[in-house]
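*Asks:* Can you keep this structure in mind? I'll have questions shortly.
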Amino acid sequence: MKPSEKSQAKHSDSINHLMTEYHKSHINRTNQLIHYVCVPLIFWSISALLWLVKIPVVINLALVVMTLLMLYYLLKSVKVFACMLVFSALCLGINFWLEAQALPLLWIAVVVFVLAWIGQFIGHHIEGKKPSFLQDLQFLLIGPAWVVFKFFKIKL
């Protein structure tokens, strides 16, 4: 790989570039509002489903996956890591609370997951653009960070 190609590859993987590219598929205000609701719900529902997979020693799969996810965010940006750590801790706290209430976490998570994805596809239909993750699976990880930063008007 030539030096200019290395620089371009590094730039295309930067958090600023990824957030900008993600934003290009989320210009429509209605789609953004749908994403503000649906992306956190999808993130939470996945964490809830992983929470239910118990692993000896580490408690559950959600803690393992969240740890790896936090490492990904830390490698991208300390600011993104800090924001997503707070959001992820909130999701895990909700899982802990729901499980302690003896509520059917599996069914709640599945219903929320399905309904939130329906909302996502409605939003993209309104936007007239395909979901970003069809371009690059990495956008499945960028989406939650983009929503947190956009909703709370946090600058990178």
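Yes or no, residue by residue, for (1) in a helix (DSSP H, G or I); (2) in contact (Cβ under 8 Å) with a residue 60 or more places away in the chain:
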| position | (1), (2) |
| --- | --- |
| Val80 | yes, yes |
| Ile94 | yes, no |
| Trp97 | yes, no |
| Ala102 | no, no |
| Ala109 | yes, yes |
| Phe121 | yes, no |
| Ile126 | yes, yes |
| Lys129 | no, yes |
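*Asks:* Restricting to the range 52-102, what's the tally of residues that are of a type in the set (Gly, Ala, Ser), touching a helix residue (DSSP H, G or I) at 6+ places or on another chain (Cβ under 7 Å) and under 23 Å from Ile154 (Cα atoms)? Give the derivation first.
*Replies:* Residues of the range 52-102 that are of a type in the set (Gly, Ala, Ser), as a first pass: 62, 77, 82, 88-89, 93, 100, 102.
With touching a helix residue (DSSP H, G or I) at 6+ places or on another chain (Cβ under 7 Å) added as a condition, the list becomes 62, 77, 88.
Subset that is under 23 Å from Ile154 (Cα atoms): 77, 88.
Summing the residues that are of a type in the set (Gly, Ala, Ser), touching a helix residue (DSSP H, G or I) at 6+ places or on another chain (Cβ under 7 Å) and under 23 Å from Ile154 (Cα atoms) in the range 52-102 gives 2.
*Asks:* From the residues in the range 131-150 that are in contact with a His (Cβ under 9 Å, 6 or more places away or on another chain), not basic (Lys, Arg) and not in a loop (DSSP other than H, G, I, E, B), which one is modelled with the lowest pLDDT?
*Replies:* Of the range 131-150, the ones in contact with a His (Cβ under 9 Å, 6 or more places away or on another chain) are 131-132, 143, 146-147, 150.
Next cut, not basic (Lys, Arg) only: 131-132, 143, 146-147.
In the following step, the residues that additionally are not in a loop (DSSP other than H, G, I, E, B) were identified as 132, 143, 146-147.
Numbers: Ser132: 78, Gly143: 91, Trp146: 93, Val147: 93.
Looking at residues that are in contact with a His (Cβ under 9 Å, 6 or more places away or on another chain), not basic (Lys, Arg) and not in a loop (DSSP other than H, G, I, E, B), I get Ser132.
*Asks:* Just for the range 66-76: of the residues that are out of contact with any Cys (no Cβ under 9 Å at 6 or more places or on another chain) and in contact (Cβ under 8 Å) with a residue 40 or more places away in the chain, which one is farthest from Pro40 (Cα to Cα)? Before you say what the answer is, go through the steps one by one.
*Replies:* Restricting attention to the range 66-76, the residues satisfying the condition of being out of contact with any Cys (no Cβ under 9 Å at 6 or more places or on another chain) are 67-72, 74-76.
Of the ones still in play, those that are also in contact (Cβ under 8 Å) with a residue 40 or more places away in the chain are 69, 72, 76.
On the way: Leu69: 15, Tyr72: 18, Lys76: 20 Å.
Restricting to residues being out of contact with any Cys (no Cβ under 9 Å at 6 or more places or on another chain) and in contact (Cβ under 8 Å) with a residue 40 or more places away in the chain, the top hit is Lys76.
*Asks:* Working only within the range 46-63, note down all residues that are surrounded by fewer than 22 Cβ atoms within 10 Å (Cβ to Cβ) and touching a residue at least 12 places away in the same chain (Cβ under 8 Å).
*Replies:* Residues of the range 46-63 that are surrounded by fewer than 22 Cβ atoms within 10 Å (Cβ to Cβ), as a first pass: 46, 49-50, 52-61, 63.
Correct list: Ile46, Leu49, Leu50, Leu52, Leu63.
*Asks:* Quick check on my filter: what residues within the range 57-80 are of a type outside the set (D, E, K, R), more than 15 Å from Asp13 (Cβ to Cβ) and in contact with a Leu (Cβ under 9 Å, 6 or more places away or on another chain)?
*Replies:* Within the range 57-80, Asn60, Leu61, Ala62, Leu63, Val64, Val65, Met66, Leu69, Met70 qualify.
*Asks:* Another one. Can you name every residue in the range 82-92 that is more than 12 Å from the chain's Cα centre (by Cα) and without any contact (Cβ under 8 Å) to a residue 40 or more places away in the chain?
*Replies:* Of the residues in the range 82-92, the ones more than 12 Å from the chain's Cα centre (by Cα) are 82, 86, 89-90, 92.
Hits for the range 82-92 are Ala82, Val86, Ala89, Leu90.
*Asks:* Looking at the range 19-30, which of the residues that are modelled with pLDDT under 95 and either among the β-branched types (Val, Ile, Thr) or part of a helix (DSSP H, G or I) (or both) is nearest to Leu85 (Cα to Cα)?
*Replies:* Result: Met19.
The values are calculated or read from the model by the stated rules, or taken from the named source; none is laboratory data. This is a predicted model, so every value here is computed, not measured. All Cβ positions, even for glycine, are placed from backbone atoms using ideal geometry, and neighbour counts span all protein chains on display.
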